[in-house]
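Asker: I'd like to ask some things about the structure below.
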Amino acid sequence: MKNKIYGYVRVSSQDQNEDRQLIAMNDAGVDIRNVYIDKQSGKDFNRPNYKRLMKKLCEGDVLYILSIDRLGRNYEEIQNQWRIITKEKKCDVVVIDMPLLDTRREKNLLGTFISDIVLQLLSFVAQNERENIRKRQAEGIAAAKLRGVRFGRPPKEAPPDFGDYVQRWTRNRALLSDILVELGMSRSTFYRRLREYNLSLKQ
């Protein structure tokens, strides 16, 4: 039976575009019908289409990915999946952006050694960069908070006629649930605005 060529594409979220990876697959000669796409984080390999792909792979098949971080972000798991694909399933892997990571080349000991070294280095860089991004994001958020920047949705302000809503509620002319819907407020926000309203009456 003729060996098959597959492609794997991953984007981190539903609103990201996979076109660049698909174009690369097409340029490499991978049939679009054999390309498996996941729109999911690369933190682990619990992805539906990746699992389907792994079931399809047979000895001698070739798997194309655009770059090593499309396979995943976790250093140890990338190493483990690479071992499963190349050693257990006896398939080849081609990383389009990194020609040195093409297991079809140099099947001798030196070729395998070079591929393993490059893989380890790139896997480490991918995970390290992800951790650095998280660190920079955390530092940026902390610095913004020190400057007084507030995150999340702005708090819902009480309308000028808030007192009328309060009176309807306190005089049992309307349910609190109905009042909340009319105001577009959560229960906790309503009670905060109620405290502010009561304080304003005392001033």
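The values are calculated or read from the model by the stated rules, or taken from the named source; none is laboratory data. Quick caveat, the model's predicted, so the values are computed rather than measured. Glycine gets a Cβ as well: all are built from the backbone with ideal geometry, and neighbour counts include every protein chain shown.
Asker: What are the pairs, 6+ residues apart or on separate chains, where a residue within segment 155-179 that is farther than 13 Å from Phe190 by Cα has its Cβ under 6 Å from a residue that is aliphatic (A, V, I, L, M) and surrounded by 11 or more Cβ atoms within 10 Å (Cβ to Cβ)?
Answerer: Note: pairs meeting the criteria are Arg168/Ala174.
Asker: Please find, among Leu109, Leu121, the residue that is surrounded by 10 or more Cβ atoms within 10 Å (Cβ to Cβ), of a type outside the set (Gly, Ala, Ser) and either closer than 24 Å to Ser200 by Cβ or modelled with pLDDT under 75 (or both).
Answerer: Matching residue, one of Leu109, Leu121: Leu121.
Asker: Within the group Arg104, Arg73, which residue is within 17 Å of Asn46 (Cβ to Cβ) and in a loop (DSSP other than H, G, I, E, B)?
Answerer: Exactly one residue qualifies, and that residue is Arg73.
Asker: Can you say whether Arg52 is without any contact (Cβ under 8 Å) to a residue 12 or more places away in the chain and in a helix (DSSP H, G or I), as far as the supplied structure shows?
Answerer: In short, no.
Asker: Here is a further query. Only one of these is at pLDDT 70 or above, among the charged types (D, E, K, R) and not in a helix (DSSP H, G or I): Lys135, Lys156. Name it.
Answerer: Within the list Lys135, Lys156, the selection yields Lys156.
Asker: Please enumerate the residues belonging to segment 76-91 that are crowded, with 19+ Cβ neighbours inside 10 Å and not in a helix (DSSP H, G or I).
Answerer: Within segment 76-91, Cys91 is the sole residue that qualifies.
Asker: Something else: Could you identify the single residue in Ser12, Ser41 that is out of contact with any Lys or Arg (no Cβ under 7 Å at 6 or more places or on another chain), closer than 19 Å to Trp82 by Cα and not hydrophobic (A, V, I, L, M, F, W, C)?
Answerer: Only one candidate passes the filter, namely Ser41.
Asker: Report every pair of residues separated by at least 6 positions or lying on different chains whose Cβ atoms are under 6 Å apart, first residue within segment 74-103 and assigned by TED's automatic domain parsing to the domain that holds Asn128 and closer than 24 Å to Gly29 by Cβ, second aromatic (Phe, Trp, Tyr) and at pLDDT 85 or above.
Answerer: Going by the 6 Å Cβ cut-off, the qualifying pairs are Val94/Tyr64.
Asker: Turning to a different aspect of this structure: Restricting to segment 165-200, name every residue that is among the aromatic types (Phe, Trp, Tyr) and out of contact with any helix residue (DSSP H, G or I) (no Cβ under 7 Å at 6 or more places or on another chain).
Answerer: Tyr191
Asker: What are the residues in segment 13-44 that are surrounded by 15 or more Cβ atoms within 10 Å (Cβ to Cβ) and at pLDDT below 90, if any?
Answerer: Scanning segment 13-44 gives Glu18, Lys39, Gln40, Gly42.
Asker: Oh, and also: Kindly indicate whether Asn3 is of a type in the set (S, T, N, Q), in a loop (DSSP other than H, G, I, E, B) and more than 12 Å from the chain's Cα centre (by Cα).
Answerer: Yes.
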